[in-house]
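The values are calculated or read from the model by the stated rules, or taken from the named source; none is laboratory data. None of these values were measured; they are calculated from a predicted model. Cβ placement follows ideal geometry from the backbone for every residue including glycine, while neighbour counts extend to all protein chains displayed.
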Amino acid sequence: MNSGSVVIRIATTADIPSLAGVQLRSALAGFAHIYPESIPKPTQQSLEEEWSGLLAHPNLAIVVATVDGETVGAAAFGADTTDAYGTDAVLLKLYLTPEYAGKGIGGLLHDRAIADLVEAGHQRVRLWVLERNILARRMYERRGWRLQHWSRSDFPGSGILEVGYVLELPHSSAM
């Protein structure tokens, strides 16, 4: 692993392949114990399309974490336009490459996303996390996220659930 300093910056369209690569590597390594073989695996192409759509969305922002110029993590967040959960913001994605997990970079990405949401005047953020992704759930809970009664599944009948969390944001001093 490189020991360079971490840089958190706003993503550009040039980052799309590396954003997809980070998510792909993270999902294949980190979720292998959660997803059965019968569930289709994501592909680089499908994830590039997904990140491209997120990057083009006017209500969302994406930040990347780099170490020595290599993208090692990313987070997508912004205004919650669903109004279904009583939140006004959402943390959609937060991924790290496996070799950088547990090094504090996920926390840096999280904290940057939350700081940007506070600065934009948001008050209540939601996220979904795999129920069996214990490491991520612990990180969110340490940062004040509260488990809600919501759950959902992209694969009904599979036993794979995502659970919802909410974080109440402090008011920005700029307001």
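Kindly indicate whether residue 92 is surrounded by fewer than 23 Cβ atoms within 10 Å (Cβ to Cβ) and touching a strand residue (DSSP E or B) at 6+ places or on another chain (Cβ under 6 Å).
Values: surrounded by fewer than 23 Cβ atoms within 10 Å (Cβ to Cβ): yes; touching a strand residue (DSSP E or B) at 6+ places or on another chain (Cβ under 6 Å): yes.
For residue 92, the condition - surrounded by fewer than 23 Cβ atoms within 10 Å (Cβ to Cβ) and touching a strand residue (DSSP E or B) at 6+ places or on another chain (Cβ under 6 Å) - is met.
Within region 143-174, the set of residues being of a type in the set (Lys, Arg) and over 21 Å from residue 34 (Cβ atoms) comprises 143, 146.
Any residue at all in region 90-108 that is among the β-branched types (Val, Ile, Thr), outside any loop (DSSP other than H, G, I, E, B) and either at pLDDT 95 or above or closer than 20 Å to residue 6 by Cβ (or both)?
Filtering region 90-108 down to residues among the β-branched types (Val, Ile, Thr) leaves 90, 97, 105.
Keeping just the survivors that are outside any loop (DSSP other than H, G, I, E, B) gives 90, 105.
Remaining after also requiring either at pLDDT 95 or above or closer than 20 Å to residue 6 by Cβ (or both): 90, 105.
Yes, because at least one residue in region 90-108 is among the β-branched types (Val, Ile, Thr), outside any loop (DSSP other than H, G, I, E, B) and either at pLDDT 95 or above or closer than 20 Å to residue 6 by Cβ (or both).
Scanning region 9-38 for residues that are modelled with pLDDT of 95 or more, outside any helix (DSSP H, G or I) and aliphatic (A, V, I, L, M) turns up 10, 11.
In region 1-13, the residues that are closer than 27 Å to residue 58 by Cα reach residues that are surrounded by fewer than 10 Cβ atoms within 10 Å (Cβ to Cβ) and modelled with pLDDT of 95 or more with C-beta atoms within less than 9 angstrom, at least six apart or across chains, in these pairs: 13/56.
Have a look at 138, 124 and point out the one that is surrounded by 14 or more Cβ atoms within 10 Å (Cβ to Cβ) and not aromatic (Phe, Trp, Tyr). Spell out the reasoning first.
Working: 138 fails: surrounded by 14 or more Cβ atoms within 10 Å (Cβ to Cβ).
Result: 124 is the single residue among 138, 124 that is surrounded by 14 or more Cβ atoms within 10 Å (Cβ to Cβ) and not aromatic (Phe, Trp, Tyr).
The residue pairs whose first member lies in region 49-62 and is among the hydroxyl-bearing types (Ser, Thr, Tyr), whose second member is at pLDDT 95 or above, and whose beta carbons are closer than 8 Å, counting only pairs six or more residues apart or on different chains, are 52/13; 52/16. Go through region 103-157 and give me each residue that's within 12 Å of the chain's Cα centre (by Cα) and among the hydroxyl-bearing types (Ser, Thr, Tyr). Result: 140, single match.
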